[in-house]
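Participant: Once you've had a glance at the structure underneath, I'll fire off some questions.
Derivation of every value follows stated rules applied to the coordinates shown; laboratory data play no part. Small disclaimer: the values here were computed from a predicted structure and weren't measured. Don't worry about glycine lacking a Cβ; one is built from the backbone with ideal geometry, like all the others, and counts go over all protein chains shown.
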Amino acid sequence: MTHFSLHHLGLSALCGLLYLYGRYLYFRGYAKSAHGRLAPLYFSAKVLWVLIGFSTLGILGSVCRFYLDLDLTQLASSVLGLTEEGGEL
């Protein structure tokens, strides 16, 4: 069984790269004008919120599995009908 936070490593890494790219655009825009840096700043902030969301999901999944013996990924997949009857993903 895999750890809950490991399901989002690729997506989290992609968001991290997008965040770094947004910061790069921010610094390029900073050298040009104040208006040139606002859009990359907002983009970076949105990507950062996505990263915080994934981190929160990972922590919540770990806490639920450790303290409540509840696997949120298995629960979500069974509610959404993603698992076959009697089997796992």
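Participant: So what is the orientation-averaged projected area of segment 4-79, using the convex hull of its C-alpha atoms, in nm²?
Facilitator: Mean projected area for segment 4-79: 5.7 nm², to one decimal.
Participant: Same structure, new question: Suppose each label sits 7 Å from its Cα in the direction of the beta carbon; what would the A76-L41 distance come out to in nanometres?
Facilitator: Here the answer is 3.3 nm between the modelled labels.
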